[in-house]
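The values are calculated or read from the model by the stated rules, or taken from the named source; none is laboratory data. This is a predicted model, so every value here is computed, not measured. Counting neighbours? That spans all protein chains shown, and the Cβs are built from the backbone with ideal geometry, glycine included.
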Amino acid sequence: MEIIKLSPKALNEAVKVLNDGGVVVCPTDTVYGFLALAENEKAVEKIFKIKKRPRSKILPVFVKDLKMAGELAEIDKNPAFAKALEGKQEKILRQKWPGPYTLILKSKNVLQTPGVCKNRTVALRIPKYKFLNNLLKKINKPLAQTSVNVSGQPPLTKINEIIGIFGSNPGLDLIIDAGNLPKTNPSTIIDLLKEDIKILRK
């Protein structure tokens with residue numbers, strides 16, 4: 001496992017590790033997050049093991065832009081609600097992204113990785129953090145992600161705590177050290193599967 005300060009070198013190393021099926025700890029616009037290629041089943045499984053996360057809880061996915069989101073999800077095209085939606089979902093996506101909002105949408109089944117999609121749903125987000133946005137552009141693939149913590153515990157923002165708890169975990173390949181992040185909450189989760197919008201987590 002390697003620890004690298006936030007830098008252009010860290011960006012290149014993260015791309016290499018992720019493409020090789022590894023797991024990276026990366027700062028985000030909310031808290032530190034675990035990242036893995038969303039299409040790589042073994043890499044996604046590593047996150048579940050590292051975090052001790054229940055398999056019933058799917059991992060959200062970072063995408064680089066609205067186009068990539070549209071490749072993975074049926075935005076305003078859910079047959080049961082298409083007429084009622086009439087661009088409503090896309091309008092919300094443009095309002096909330098980039099930013100700390102995870103939006104649950106109907107999956108096109110392009111991503112079929114266990115742990116990322118369930119019951120034809122997928123949870124997507126475009127973050128607002130320069131390093132992470134650059135990483136998404138450079139790797140040009142959706143990334144499975146979740147906050148850095150043991151499942152059920154508060155998300156971690158202090159780098160020394162992260163290194164102390166996860167630094168020796170054999171499933172983790174790279175930690176990108178951006179120092180301590182401001183205390184904040186994980187992203188707000190909004191369910192856009194039906195005409196009536198539901199906020200599942202604020």
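Can you pull out every residue in region 99-149 that is surrounded by 16 or more Cβ atoms within 10 Å (Cβ to Cβ) and without any contact (Cβ under 8 Å) to a residue 40 or more places away in the chain? Listed by number, the residues that qualify are SER107, LYS108. Screening the candidates ILE199, ILE190 for the property of being at negative phi, buried (at least 18 other Cβ atoms within 10 Å of the Cβ) and in a strand (DSSP E or B) yields one hit, ILE190. Filtered by the rule that a residue be within 19 Å of PRO114 (Cβ to Cβ) and among the charged types (D, E, K, R), region 20-70 gives GLU39, GLU41, LYS42, GLU45, LYS46, LYS49, LYS51, LYS52, ARG53, ARG55, LYS57.
Looking at region 131-140, can you tell me whether even one residue there is closer than 21 Å to SER56 by Cα and out of contact with any helix residue (DSSP H, G or I) (no Cβ under 8 Å at 6 or more places or on another chain)? Among the residues of region 131-140, not one is closer than 21 Å to SER56 by Cα and out of contact with any helix residue (DSSP H, G or I) (no Cβ under 8 Å at 6 or more places or on another chain), which makes the answer no.
Remark: GLY179 falls outside the filter, which requires a residue to be at pLDDT 90 or above, surrounded by fewer than 12 Cβ atoms within 10 Å (Cβ to Cβ), assigned to a helix (DSSP H, G or I) and more than 16 Å from the chain's Cα centre (by Cα). Filtering region 26-52 to residues that are touching a helix residue (DSSP H, G or I) at 6+ places or on another chain (Cβ under 7 Å), within 17 Å of GLN153 (Cα to Cα) and of a type outside the set (Ser, Thr, Tyr) leaves PHE34, ILE50. A single entry from LEU135, LEU156, LEU143 fulfils the requirement of being more than 17 Å from ALA38 (Cβ to Cβ) and among the aliphatic types (A, V, I, L, M): LEU156. Restricting the first member to region 154-166 and to residues that are more than 13 Å from ILE4 (Cα to Cα), and the second to residues that are charged (D, E, K, R), the beta-carbon pairs closer than 8 Å and six or more apart or on different chains are THR157/LYS183. Tally up the residues in region 111-143 that are of a type in the set (A, V, I, L, M, F, W, C), under 14 Å from ALA14 (Cβ atoms) and not in a helix (DSSP H, G or I), please. The qualifying residues number 1.
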